[in-house]
Amino acid sequence: MKHTFLSKTKIPEKIPKSMRRVVERLRRAKNQKQCLKMAHQIMSQRYFGRHMRTITHPLPIFSFDASKLWNTKGFMHCHNINWLLRILLVKSGFFKNENIENRWTVVWLTSPHQYLRIKMDDGTHIDVDVWGATFGVKLGEHAK
């Protein structure tokens, strides 16, 4: 299921200094695909998903403050991780906000889950699910 809320949300102009350093690293990528791989690796080392924590730690479910989210490490809700990844990708200059779609699915038969589908310059689409990386989901796949 496609969801457009964050795809229409403006990317913040001001981001934390440590996040800007990551953007600078991403800008040195050779191409779009390498940038996406780098961003996925950085984010999946910084954040992880947990099914039970999703249920027991509902806040900051409605927070989209890039600074507060970025300064959090470890567990994070899928849509918060995706918001930060979207910011990194757009700020890298390799991706446009309108080419990053929020997609929804259901995991474990009961839990709504968000991942990103990214349209590449060559017209292909790549699913990105950093939250799912904890469970072995690779770049190009999403949790189901």
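Miscellaneous remarks
- Test for L69: is it assigned to a loop (DSSP other than H, G, I, E, B), buried (at least 17 other Cβ atoms within 10 Å of the Cβ), at pLDDT below 95 and not small (G, A, S): no
- Residue check for A39: under 14 Å from the mean Cα position of the chain (by Cα), farther than 23 Å from K138 by Cα and modelled with pLDDT of 90 or more: no
A quick yes/no check of all residues on (1) modelled with pLDDT under 95; (2) over 21 Å from C35 (Cβ atoms); (3) not charged (D, E, K, R):
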site	(1), (2), (3)
F95	no, no, yes
T105	yes, yes, yes
H113	yes, yes, yes
K119	no, no, no
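- Being within 19 Å of I15 (Cα to Cα), β-branched (V, I, T), modelled with pLDDT under 95 and not in a strand (DSSP E or B) is not true of T54.
- Under the condition of being at positive phi and of a type in the set (D, E, K, R), the residues counted in region 86-128 number 0.
- Of all residues making up region 72-93, the number that are of a type in the set (G, A, S) and either assigned to a loop (DSSP other than H, G, I, E, B) or at pLDDT below 95 (or both): 2
- Leading residue by the ranking (modelled with the lowest pLDDT) among those in region 128-144 that are closer than 15 Å to Q32 by Cβ and surrounded by fewer than 20 Cβ atoms within 10 Å (Cβ to Cβ): G140
- Entry remark, region 87-105: residues being in contact with a strand residue (DSSP E or B) (Cβ under 9 Å, 6 or more places away or on another chain) and either without any contact (Cβ under 8 Å) to a residue 60 or more places away in the chain or crowded, with 19+ Cβ neighbours inside 10 Å (or both) number 6 in total.
- Every condition in (1) of a type outside the set (K, R); (2) part of a strand (DSSP E or B); (3) touching a residue at least 60 places away in the same chain (Cβ under 8 Å); (4) surrounded by 15 or more Cβ atoms within 10 Å (Cβ to Cβ) holds for Y115 except the one numbered (3).
The values are calculated or read from the model by the stated rules, or taken from the named source; none is laboratory data. Not measured: the values here are computed from a predicted model. Don't worry about glycine lacking a Cβ; one is built from the backbone with ideal geometry, like all the others, and counts go over all protein chains shown.
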